[in-house]
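Accompanying notes for the structure given below.
The values are calculated or read from the model by the stated rules, or taken from the named source; none is laboratory data. Only a predicted model underlies this, so the values are computations on that prediction, with no experimental measurement involved. Methodologically, a virtual Cβ is constructed for each residue, glycine included, from the backbone with ideal geometry; neighbour enumeration extends over all protein chains shown. The area values use the complete protein model at the heavy-atom level, side chains included, leaving out ligands, DNA and RNA. Shrake-Rupley method; radii C 1.70, N 1.55, O 1.52, S 1.80 Å.
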Amino acid sequence: MHYKDHNMKKRPWFEHYEEGVPDQIDDHLFDSLPGLFDNILKKYPNKTAFVNMGVSMSFKQLDTLSANFAGFLLHELKLQKGDKIALQMPNLLQYPICIIGALRAGLTIVNTNPLYTAREMKHQFKDADIKAIVILTNFASKLEEILPDLPELKHIIVAQIGDMLGVLKGGITNLVVKHIKKMVPAYRLPNVIPFKTTIRATHQNVHFPSLTPEDIAFLQYTGGTTGVSKGAILTHSNMLANAEQHRVWLKRLMVEGQEVVATALPLYHIFAMTVNFITFFIYGTENVLITNPRDMSAFIKEMRKKPISLFTGVNTLFNGMMNHKDFTKIDFSRLKLSIGGGMAVLRPVAEKWRELTDELLMEGYGLTECSPVVCIHPFDGEDRIGTIGVPLPSTDVIICDDQGNQLPPNTEGELCVKGPQVMKGYWNNEKETKEVFFNDYLRTGDIATMDINGFFYLVDRKKEMINVSGFNVYPKEIEDVIAKHPKVFEIGVKGVPHEKTNETPMAFIVKKDASLTEDEIRDFCKKNLTGYKVPRYIVFRDELPKTNIGKILRKDLK
């Protein structure tokens, strides 16, 4: 719902927007992301921009290295404006260099999950028609498998984990990773270019191509968890708009040049790219890149080195952190913003986070097709666990039925979005593009409601709804209930076929306490859920399948 609709000034949170957050954004401050980056790089030359594995990189160093990388792409590889370059690596100092450098060179970036199988890589690279790739050596053997099927891929740049860690530390790191931990399978790729080579050469009088707001910045692939992965076309205008929407939302909270953020979410994920990288970059934030947040002990150790003021994550990450024995040793005295995204934040997790850190865990909502953020909590100090907040400035959100008719407040329907951050469509897929839009609104596939005050509540994914004898049952509601049980660590629910009721809920549980039984869960559910929502089947697992950012994959629960 647009801010100007339904007498918004009567809403308690609207005073905040009156005091400084506008109804609309100015999305014409820069023509392109390199224009934004250049401004910030010159503004904070001597300040630390990124930290990884104990090594710091200043804004000035990032400026120089990314310019060198851009010059190499243009002058040595002869890549042209609009060519596609894939980046496949975890959070390392190499990543921001590649992002800024590739965009300066006028290329379109195809962010690629390092955990992808060769089959998934092949689909994405062929669909995007990539001309170059920067890939960590750890994953190069998978590229070797599919290289014969990628005739357009002419340039392969290989990076090693220790490339940016200095001669001694970097050399030891690469040695350990390859020969002791055996993390680099043998591979043979033709004419590979070491990443270090791309940032050494200085190209005099390099001329970067001029860019327009409608040029494509990213082909961000999505839908891999529910079907064939599709490339969302995100322009420079889309990305700049979402960053500006965040900037005006955050401006009363942020102090330029003084914030520190821990980035555990991977930069190849659009949430981390837009929020942790681009938005926080605007404020001259020191960004601590976490390469492997699944190594919880090492992650907690990194978090203890310096108090952070900003933190983003997903529900499973917050939950895992708080269940680690050293979590209480982290200094949260400077923490001012905690955001949960990527998946629904469960109430027990949000409540425990506030208890342990004295800071609200604010839930937002977005999707890749929206660059990605659509809704977020207002800063009014109110504890509204369960709501995804209100739309960002310049964003219209409505709830519709299957025919596209707008529904009244407190009615479940599909959440639909219109705004400057919404993608232009799917790459090479006109059919899917037509199906996902109606009347300029993007159909998100998520079921939600809006209350009379304009706050939105996510119910569940439309495709994951369970039909029990004609009743709609949403996995998230059951998960919210079971997560409250003190002996439950993680929970995932999906619908399975049933001869009498069509479908029935099935719960997959990771125990926190080994004594937990099926009967305990079933009795707990009967006290808190209507009968047809109680899982008929309950199974215990050592772990649940997750995406690269820690989102539980319901479709893979077996």
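When each of the peptides 90-99, 549-558 is scored by the mean number of other C-beta atoms lying within 10 Å of its residues, the order from highest to lowest reads 90-99, 549-558.
Ranked by the mean number of other Cβ atoms within 10 Å of their residues, highest first, the peptides 396-405, 132-141, 235-244 come out as 235-244, 132-141, 396-405. Past 22 Å, Cα to Cα, is the threshold; run Lys178/Lys301; Lys81/Lys424; Lys154/Lys424; Lys476/Lys546; Lys230/Lys494 against it and keep the listed order. Over 22 Å apart, Cα to Cα: Lys178/Lys301; Lys154/Lys424; Lys230/Lys494. Can you tell me, using C-alpha contacts under 8 Å and at least 6 residues apart, the relative contact order of the chain as a whole percent? So the answer I get is 12 percent. Across region 48-54, rounded Karplus estimates of 3J(HN,Hα) from the backbone phi angles (6.51 cos²θ - 1.76 cosθ + 1.60, θ = phi - 60°) give 6, 9, 9, 10, 8, 6, x Hz, Gly and Pro being marked x. Measure nothing fancy, just the Cα-based angle from helix 33-43's long axis to the longest principal axis of the chain, in degrees from 0 to 90, nearest 10. Computed tilt is about 70 degrees.
Which of the three applies to region 388-432, rounded, prolate or oblate, going by the alpha-carbon gyration tensor with a ≥ b ≥ c and a/c under 1.5 meaning rounded? Since a/c reaches 1.5 but b/c is at least a/b, the shape of region 388-432 is classed as oblate. Determine the relative contact order of region 28-68: mean sequence separation of Cα pairs under 8 Å and six or more apart, normalised by residue count, in whole percent. Reported as a whole number, the value is 31 percent.
Largest accessible area first, the listed residues Glu382, Glu286 line up as Glu382, Glu286 when surface is computed with a 1.4 Å probe on the assembled protein chains.
In this label model, Val510 and Thr212 are separated by 4.8 nm, measuring between points 7 Å along each Cα→Cβ vector. Identify the residues of region 304-348 with backbone N under 14 Å of a label point that sits 7 angstrom from the Cα of Lys484 along the Cα-to-Cβ direction, or state none. What the label zone holds, given the 14 Å backbone N cut-off, is 346-348.
Computed extension gain for Lys126 through Lys43, at 0.36 nm per residue and net of the alpha carbon distance, reaches 25.9 nm. Applying 1/(1 + (r/R0)^6) with R0 = 56 Å to the Cβ-Cβ distance of Lys196 and Asp383 gives a FRET efficiency near 0.70. Across region 165-173, rounded Karplus estimates of 3J(HN,Hα) from the backbone phi angles (6.51 cos²θ - 1.76 cosθ + 1.60, θ = phi - 60°) give 9, x, 4, 6, 4, x, x, 5, 4 Hz, Gly and Pro being marked x. To the nearest ten degrees, helix 518-528 and the longest principal axis of the Cα atoms of the chain are 70 degrees apart. The packing ranking, built from the mean of other Cβ atoms within 10 Å per residue, places the peptides 181-192, 104-115, 437-448 in the order 104-115, 437-448, 181-192, highest first. With each label point set 7 Å from Cα along the Cα-Cβ vector, what nm distance links Ala298 and Glu359? Placing both labels 7 Å along Cα→Cβ, they lie 2.4 nm apart. Across region 347-459, Cα pairs under 8 Å and at least six residues apart give a relative contact order of 22 percent. Taking the 1.4 Å solvent-accessible surface of the chain as the whole, the part contributed by carbon and sulfur is 49%.
For region 549-557, backbone phi angles converted through the Karplus equation (6.51, -1.76, 1.60; θ = phi - 60°) give residue-by-residue couplings of 9, x, 6, 5, 8, 4, 5, 9, 6 Hz, Gly and Pro being listed as x. For Lys329, the aspartates and glutamates whose Cα falls under 15 Å of its own Cα, not counting residues fewer than eight places away in the same chain, are Glu302, Glu355, Asp358.
For region 361-441, the Kirkwood radius over C-alpha pairs fed into Stokes-Einstein at 25 °C and 0.890 mPa s yields D = 176 µm² per second. Compared with the direct C-alpha span, the chain from Glu543 to Met322 gains 77.9 nm at full extension, assuming 0.36 nm per residue.
Legend: residues Thr64, Thr222, sorted from most to least accessible area (1.4 Å probe; ligands, DNA and RNA excluded), read Thr64, Thr222. Bridgeable aspartates and glutamates around Lys306 (alpha carbons under 17 Å apart, same-chain partners fewer than 8 residues away excluded): Glu259, Glu286, Asp326, Asp331. Relative to the longest principal axis of the Cα atoms of the chain, the long axis of helix 118-128 makes an angle of roughly 70 degrees.
Candidate cross-link partners of Lys142 among the aspartates and glutamates, defined by an alpha-carbon separation under 13 Å and a same-chain spacing of 8 or more, comprise Glu120.
The overall shape of region 232-282 is oblate: from the C-alpha gyration tensor, with semi-axes ordered a ≥ b ≥ c, the ratio a/c is 1.5 or greater and a/b is no larger than b/c.
Looking at the square roots a ≥ b ≥ c of the eigenvalues of the Cα gyration tensor of region 288-420, which shape do they give, rounded for a/c under 1.5, prolate if a/b is larger than b/c, or oblate? Show your work: numbers first, answer last.
On the way: a/c = 2.38, a/b = 2.15, b/c = 1.11.
Taking the square roots of the gyration eigenvalues as a ≥ b ≥ c, region 288-420 is prolate.
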